[in-house]
Amino acid sequence: MILADENIPFEITKSLRERGFEVTSVYETSRGISDEQVIELALKYDFLLLTEDKDFGEWVLSNPRAAVFCNHYGQENTSSAAIDFHRKVCY
């Protein structure tokens with residue numbers, strides 16, 4: 001299961017769902033929660049965390065169960081990195 005952080009464009013969440021992925025969207029269910037609360041959700045439900053928030057990097061290093069996608073490509077439009085990830089997973 002995937003937990004899409006609130007910075008993930010809805011079109012990516014929707015497309016992943018259409019392809020059979022179970023995706024819970026922070027934007028839809030818990031908008032405005034802290035990074036710590038997002039991490040707690042990911043751990044509690046064993047989610048793969050899909051985010052563009054680079055602040056999660058330290059958490060990944062300290063948590064062996066962590067699975068996170070972050071945009072580290074230096075692209076001006078950070079959403080394009082999530083779209084690239086989506087294309088690689090879904091096509």
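Computed from the coordinates by the stated procedures, all read-outs in this text should not be read as laboratory data. No experiment lies behind these values; they were computed from the predicted model shown.
Between residue 53 and 71, the built amide H atoms are under 5 Å apart, and every one of these is 5 or more places off in sequence or on another chain. Along the stretch 36-49 the Karplus relation, 6.51 cos²θ - 1.76 cosθ + 1.60 evaluated at θ = phi - 60°, assigns HN-Hα couplings of 4, 5, 4, 4, 4, 4, 4, 6, 4, 9, 6, 7, 7, 8 Hz to successive residues, with x for each Gly and Pro. Amide H to amide H, with H built 1.01 Å from N, residue 48 comes under 5 Å of 2, 3, counting only residues 5 or more places away or on other chains.
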